[in-house]
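In what follows, a structure is listed as structure tokens, so that the remarks can point back to it.
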Amino acid sequence: FIELCDELTHQDEKVFEDLFRRLGLSVDWSLLYTTIETRSRRVSQRAFLHNLARGEAYTQEAPTLWDVDFQTAVAQAELEDRERPGAYHQVAFARTDGGGDVVIDTTRPVLIAACVALVAHPDDERYQPLFGSTVRTPLYGVEVPILAHPLAQPDKGTGIAMICTFGDLTDVLWWRELNLPTRPIIDRNGRIVATPPTGLDSTEGRAAYALIAGAKINPAQTTVVESLRETGALIGEPRPIVHPVKFYEKGDRPLEIVTSRQWYIRNGGRDADLRSSLLARGQQLAWHPDHMRHRYSNWVEGLNGDWLISRQRFFGVPVPVWYPLNDAGEPDYESPIVPNEASLPIDPSTDVPPGYAPEQRDRPGGFMGDPDVMDTWATSSLSPQIAGRWGDDDELFSRVFPMDVRPQGHDIIRTWLFSTVVRAHFEHDSLPWTNTTLSGWILDPDRKKMSKSKGNVVTPMDLFDNFGSDAVRYWAACARPGVDTAFSEEQMKVGRKLAMKLLNASKFVLGFPMPAAGATATHAIDLAMLGRIAATAREATDAFEEFDYARALERTESAFWWFCDDYVELVKGRAYGSQGDEAASSALAAMRIALSALQRLFAPFMPFTTEAVWRWWNEGSIHVQSWPNADELAAFAGTESAPTEALLAVSSDILGQIRRAKTEAKTSQKTSVALARLRCDAQTRGMFESVRSDITEAGSVQEWEIIDESAGSAALVDVELAPTT
RNA sequence: GGGCGAUUAGCUCAGUCGGCUAGAGCGCCACGUUCACACCGUGGAGGUCGUGGGUUCGAGCCCCGCAUCGCCCACCA
């Protein structure tokens, strides 16, 4: 079975790797690790043994949430609530002093046989006189005390509840705090146990119990309700309700609570000091987006027990201990035998502990292996240690740990993120990483969470086939960190158009003759354009520093479309040589400098398109080039000043007015302008003169007439179109 | 019940330090085949920024309340 699991895992790994490669993730595949490989098992077991040696891991026999189908204990972090139909049943318990009945409300009358006490709030005057007295359970006749506990809610049901071992986590808490006996009646298969619990001794009681012994829970409940009705203990009829019930997140039936021996790692659920240390770790961590830190605090503050790491499954990293067996063949759980670290990883079901012989397995005076495996998070919580080769290459580990960033979904803050913090806190007295980024979910177009059961999932490979990897990446990159995003083919089409535009724009710019060696941008408008690209590079860099990739993309995209639609349209006549070689040279140099920066700014988002266009005119991959920055564009120092932006504004304003006139005249943009009459102030005129020849060409203006206006006046252009032929 | 987030154009979303005459893309309308690109271009219509108060010379933004939606946590009598 384990071999088949391994095989399937490798097949799945291949599928994922193909997917990630197709997506263009810049992963160093030589550093691949899997959580079930030898090295990971070694790290997992070593960390566990360290936890054990320091007292951070311990084993305990205790009531545990149990999935009767998966046949395993589950941890608090794996729970989810589901709304389920149920019914309140009012049931009478007879007072032993003959003073009448005490009526409780319960949704699970099947558990009356497991009842060990009734409980009400200490301030509840209705029940105060009864505290310390006893009642008999209906059907079974077991005498149980009436006790007081502040967690009992006077306004819930009749205000007095029955405590069963165990119906819910509150029962466990009451049982522990009130020192109550145990009367378990549900076994690990979800059936009523065959023999009645201790204390259920009367002949009538045993007869009543025999009716449900061995039955599944739901039929047993039906039987109990019938019996209650016959004996008159059921008051009125059950009142249907819908209430939340705890499920294992992968399970199909409600969780039960059974007593079993399990391994735990301390996580602050039972220790206020540890809890505040772990809360402090959450405060030290840089969260992106920041508000996600509240989910961490919320979770840590709400923990009600330590982290249950053992699972009763066949496939997983084994708990690496054995237990000595006494002469009666009983294990001593308090003195586990641990392996030498050098021998890790081990499997206690086949490996023999130091000092023992194989024949001594499961024999009195010999040993037994721990039968459990560790939960997947117990290994995944060590991913920085595994990736950093902790214990195998400590020099490497010291250089990469703590790591810079953990990216993950916000739904696994309570599992992956938190458990990783716990392990690093214990092992290294440190955070595992400096930053964490939380991505949102992809929702279907109707904003519902995608899930296999709803059948609304899409597979990435189909998207890559239909839209191209860069287009899919574009859509994904538009989703801001931590924000859920609806699946959108429209957005992928936009990404595809952008990639196409980058191909075309690159082809166009590179199709011009090479500027002469040493040529650079000299014209004011060219320098102004480069100033804007430099500003864009700075904005994108700042955004990336804050992990806001969506903003970096948005700024770059916006600058790129402006570059294509406004700047290139404005200067392309000059670039073709209409104003002489020197004027052309400035435009050609500027366009190439801008194109280089823009291609690199887009590289993280559209790795395939940018790699293609980069190699048209460069050696080597774009993905190992330096990031465009202010230093690189320092050759154009001073071009980011306000007059630069003003110049760009004036030029697009004047050209825009000419274009609008042509649009309003419902004529082609290439229609000549016989006379353009520009009214503007002196400052605007000055700027206009520096771009006049470009605007003249771009707007096909035959003649200008400049009319001076007072300072501060908006520029106005009257356009007289030449007759079309 | 506790916490967090969202609410801006028909849709999806930006809006950074309180200066906004509120933007983008898609969609829609009109025009245009222009020598990189019709997977294109030019222009246009479309918003009392969820709501009620407050602070301020000035509020989409800050403060208080409310509503709606979503998520996290608690909630099985």
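The values are calculated or read from the model by the stated rules, or taken from the named source; none is laboratory data. If you're wondering where the values come from, they're calculated on a predicted model, not measured in any experiment. Methodologically, a virtual Cβ is constructed for each residue, glycine included, from the backbone with ideal geometry; neighbour enumeration extends over all protein chains shown.
I'm checking my understanding of the structure. Among residues of segment A:381-434 that are aromatic (Phe, Trp, Tyr) and not in a helix (DSSP H, G or I), which one is nearest to A:ARG39 (Cα to Cα)? Even if it seems obvious, please write down each step before you answer.
Within segment A:381-434, the subset aromatic (Phe, Trp, Tyr) is A:390, A:397, A:401, A:416, A:418, A:426, A:433.
With the extra rule that they be not in a helix (DSSP H, G or I), the set shrinks to A:390, A:401, A:433.
Details: A:TRP390: 10, A:PHE401: 18, A:TRP433: 21 Å.
Taking the candidates together, the pick is A:TRP390.
Scanning for something crowded, with 19+ Cβ neighbours inside 10 Å, touching a residue at least 12 places away in the same chain (Cβ under 8 Å) and within 30 Å of A:ASN189 (Cα to Cα), does segment A:275-294 turn up at least one residue?
no
Examine segment A:207-228 for a residue that is surrounded by 15 or more Cβ atoms within 10 Å (Cβ to Cβ) and more than 15 Å from A:LEU111 (Cα to Cα), and state whether such a residue exists.
Within segment A:207-228, none of the residues are surrounded by 15 or more Cβ atoms within 10 Å (Cβ to Cβ) and more than 15 Å from A:LEU111 (Cα to Cα).
Is it the case that segment A:466-475 has a residue that's assigned to a helix (DSSP H, G or I), farther than 30 Å from A:LEU285 by Cβ, more than 9 Å from RNA strand B (Cβ to nearest atom) and hydroxyl-bearing (Ser, Thr, Tyr)?
yes
List, please: which pairs have Cβ atoms under 8 Å, are six or more places apart or on different chains, and start with a residue in segment A:221-250 that is more than 14 Å from A:THR137 (Cα to Cα) and end with one that is part of a helix (DSSP H, G or I) and more than 12 Å from RNA strand B (Cβ to nearest atom)?
Between residues of segment A:221-250 that are more than 14 Å from A:THR137 (Cα to Cα) and residues that are part of a helix (DSSP H, G or I) and more than 12 Å from RNA strand B (Cβ to nearest atom), the close pairs are A:PRO238/A:VAL225.
State which residue is surrounded by the most Cβ atoms within 10 Å (Cβ to Cβ) when the search covers only segment A:54-92 and only residues that are among the polar types (S, T, N, Q) and more than 25 Å from the chain's Cα centre (by Cα). Outline the logic, then answer.
From segment A:54-92, those among the polar types (S, T, N, Q) are A:59-60, A:64, A:71-72, A:76, A:90; that's our starting set.
This time we only want the ones that are more than 25 Å from the chain's Cα centre (by Cα), so: A:59-60, A:64, A:71-72, A:90.
Working: A:THR59: 19, A:GLN60: 13, A:THR64: 24, A:GLN71: 13, A:THR72: 22, A:GLN90: 19.
Selected residue: A:THR64.
When you look at A:LEU118, is it part of a strand (DSSP E or B) and surrounded by 15 or more Cβ atoms within 10 Å (Cβ to Cβ), yes or no? Can you show your working first?
Values: part of a strand (DSSP E or B): yes; surrounded by 15 or more Cβ atoms within 10 Å (Cβ to Cβ): yes.
Answer is yes for this residue.
Can you report the number of residues in segment A:330-368 which are under 36 Å from the mean Cα position of the chain (by Cα) and farther than 16 Å from A:ALA47 by Cβ?
Residues flagged as under 36 Å from the mean Cα position of the chain (by Cα) and farther than 16 Å from A:ALA47 by Cβ within segment A:330-368 amount to 3.
State the number of residues belonging to segment A:202-260 that are closer than 21 Å to A:ARG188 by Cβ and within 42 Å of the chain's Cα centre (by Cα).
Qualifying residue count, segment A:202-260: 23.
Give the residue, chosen from A:MET514, A:MET492, that is hydrophobic (A, V, I, L, M, F, W, C), part of a loop (DSSP other than H, G, I, E, B) and over 17 Å from A:PRO628 (Cβ atoms). Talk me through it step by step, then tell me what you get.
Working: A:MET492 fails: part of a loop (DSSP other than H, G, I, E, B).
Sole residue among the options that is hydrophobic (A, V, I, L, M, F, W, C), part of a loop (DSSP other than H, G, I, E, B) and over 17 Å from A:PRO628 (Cβ atoms): A:MET514.
When both residues are 6+ apart or on different chains and their Cβ atoms are under 8 Å apart, which pairs have a first residue that lies in segment A:500-517 and is more than 15 Å from A:ARG615 (Cβ to Cβ), and a second that is among the aromatic types (Phe, Trp, Tyr) and surrounded by fewer than 16 Cβ atoms within 10 Å (Cβ to Cβ)?
Final answer for the pair search is A:LYS501/A:TRP561; A:PHE512/A:TYR576.
What number of residues within segment A:701-710 are surrounded by fewer than 19 Cβ atoms within 10 Å (Cβ to Cβ) and within 16 Å of RNA strand B (Cβ to nearest atom)?
The initial filter retains those residues of segment A:701-710 that are surrounded by fewer than 19 Cβ atoms within 10 Å (Cβ to Cβ), namely A:702-710.
Within this subset, residues satisfying the condition of being within 16 Å of RNA strand B (Cβ to nearest atom) are A:702, A:709.
Of the residues in that region, 2 qualify.
For a quick check of your reading of the model, give me the residue pairs whose first member lies in segment A:697-721 and is acidic (Asp, Glu), whose second is part of a loop (DSSP other than H, G, I, E, B), with beta-carbon atoms closer than 7 Å and at least 6 apart or on different chains.
Cβ pairs passing all conditions: A:GLU697/A:SER578; A:GLU709/A:ASP681.
Determine, yes or no, whether A:ALA559 is in contact with a helix residue (DSSP H, G or I) (Cβ under 7 Å, 6 or more places away or on another chain), surrounded by fewer than 19 Cβ atoms within 10 Å (Cβ to Cβ) and either at pLDDT below 90 or not in a loop (DSSP other than H, G, I, E, B) (or both). Write out each step before concluding.
On the way: in contact with a helix residue (DSSP H, G or I) (Cβ under 7 Å, 6 or more places away or on another chain): yes; surrounded by fewer than 19 Cβ atoms within 10 Å (Cβ to Cβ): no; either at pLDDT below 90 or not in a loop (DSSP other than H, G, I, E, B) (or both): yes.
Answer is no for this residue.
Against the conditions (1) in a strand (DSSP E or B); (2) touching a helix residue (DSSP H, G or I) at 6+ places or on another chain (Cβ under 7 Å), where does A:ALA378 fall short? Just the number, please.
With respect to (1) in a strand (DSSP E or B); (2) touching a helix residue (DSSP H, G or I) at 6+ places or on another chain (Cβ under 7 Å), A:ALA378 is out only on (1).
For residues that are modelled with pLDDT of 95 or more, in a helix (DSSP H, G or I) and either more than 16 Å from A:VAL373 (Cβ to Cβ) or acidic (Asp, Glu) (or both), tally how many sit in segment A:52-93.
So the answer is 1.
Which members of segment A:124-143 meet the condition of being surrounded by fewer than 22 Cβ atoms within 10 Å (Cβ to Cβ) and among the aliphatic types (A, V, I, L, M)? Let's see the steps before the verdict.
Taking segment A:124-143 as the starting set, the residues that turn out to be surrounded by fewer than 22 Cβ atoms within 10 Å (Cβ to Cβ) are A:124-126, A:128-134, A:136, A:141, A:143.
Answer for segment A:124-143, where residues must be surrounded by fewer than 22 Cβ atoms within 10 Å (Cβ to Cβ) and among the aliphatic types (A, V, I, L, M): just A:LEU130.
So which residues in segment A:227-258 are acidic (Asp, Glu) and within 10 Å of RNA strand B (Cβ to nearest atom)? Give the steps one after another, and end with the answer.
Start the filter on segment A:227-258 by keeping residues that are acidic (Asp, Glu), which leaves A:230, A:237, A:249, A:252, A:256.
Matches in segment A:227-258: A:GLU249, A:GLU256.
If A:GLU489 passes every condition in (1) within 23 Å of A:TRP617 (Cβ to Cβ); (2) within 14 Å of RNA strand B (Cβ to nearest atom); (3) of a type in the set (Asp, Glu) but one, which one does it miss?
(1)
Specify which of the listed residues (A:LEU463, A:LEU438) is modelled with pLDDT of 85 or more, closer than 18 Å to A:PRO481 by Cα and within 16 Å of RNA strand B (Cβ to nearest atom). If you could, list the steps in order and put the result at the bottom.
Details: A:LEU463 fails: closer than 18 Å to A:PRO481 by Cα.
Result: A:LEU438 is the single residue among A:LEU463, A:LEU438 that is modelled with pLDDT of 85 or more, closer than 18 Å to A:PRO481 by Cα and within 16 Å of RNA strand B (Cβ to nearest atom).
Within segment A:685-710, which residues are within 24 Å of A:LYS572 (Cβ to Cβ) and among the polar types (S, T, N, Q)?
Residues satisfying the conditions are A:SER690, A:SER693, A:THR696, A:SER700, A:GLN702.
Identify, please: which residue in segment A:598-629 is in a helix (DSSP H, G or I) and surrounded by 24 or more Cβ atoms within 10 Å (Cβ to Cβ) and is, among those, farthest from the chain's Cα centre (by Cα)?
Step one: filter segment A:598-629 for residues in a helix (DSSP H, G or I), giving A:598-602, A:607-615, A:622-624.
Restricting the remaining residues to those that are surrounded by 24 or more Cβ atoms within 10 Å (Cβ to Cβ) gives A:598-599, A:601-602, A:609-610, A:613.
Values: A:LEU598: 31, A:GLN599: 31, A:LEU601: 27, A:PHE602: 26, A:THR609: 29, A:THR610: 29, A:VAL613: 34 Å.
Of everything passing the filter in segment A:598-629, A:VAL613 is farthest from the chain's Cα centre (by Cα).
Looking at segment A:154-173, which of the residues that are surrounded by 21 or more Cβ atoms within 10 Å (Cβ to Cβ) and either hydrophobic (A, V, I, L, M, F, W, C) or touching a His at 6+ places or on another chain (Cβ under 6 Å) (or both) is farthest from A:PRO254 (Cα to Cα)?
A:ILE160
Which of the residues belonging to segment A:93-104 are surrounded by fewer than 18 Cβ atoms within 10 Å (Cβ to Cβ) and either touching a residue at least 40 places away in the same chain (Cβ under 8 Å) or closer than 23 Å to A:ASP252 by Cα (or both)? Steps first, answer last, please.
Initial filter on segment A:93-104 (surrounded by fewer than 18 Cβ atoms within 10 Å (Cβ to Cβ)): A:94-101, A:103.
The answer is A:ALA94, A:ARG95, A:THR96, A:VAL103.
Of all residues in segment A:534-551, which are away from RNA strand B (no atom under 11 Å from the Cβ), within 24 Å of the chain's Cα centre (by Cα) and part of a helix (DSSP H, G or I)?
A:PHE544, A:GLU545, A:TYR549, listed by residue number.
Which ones in segment A:66-97 are within 14 Å of RNA strand B (Cβ to nearest atom) and among the aromatic types (Phe, Trp, Tyr)?
A:TRP66, A:TYR88, A:PHE93
To keep it simple, each residue is scored yes or no on (1) within 42 Å of the chain's Cα centre (by Cα); (2) closer than 30 Å to A:GLY440 by Cα; (3) crowded, with 23+ Cβ neighbours inside 10 Å.
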{"site": "A:LEU527", "(1), (2), (3)": "no, no, no"}
{"site": "A:GLU554", "(1), (2), (3)": "yes, yes, no"}
{"site": "A:LYS572", "(1), (2), (3)": "no, no, no"}
{"site": "A:ALA583", "(1), (2), (3)": "no, no, no"}
{"site": "A:ALA590", "(1), (2), (3)": "no, no, yes"}
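Tally up the residues in segment A:297-340 that are within 16 Å of RNA strand B (Cβ to nearest atom) and exposed (fewer than 14 other Cβ atoms within 10 Å of the Cβ), please. Explain how you work it out, then say what you get.
Here is the first cut: in segment A:297-340, the ones within 16 Å of RNA strand B (Cβ to nearest atom) are A:297-308.
Narrowing further to those that are exposed (fewer than 14 other Cβ atoms within 10 Å of the Cβ): A:297-298, A:301-302, A:304.
Residues flagged as within 16 Å of RNA strand B (Cβ to nearest atom) and exposed (fewer than 14 other Cβ atoms within 10 Å of the Cβ) within segment A:297-340 amount to 5.
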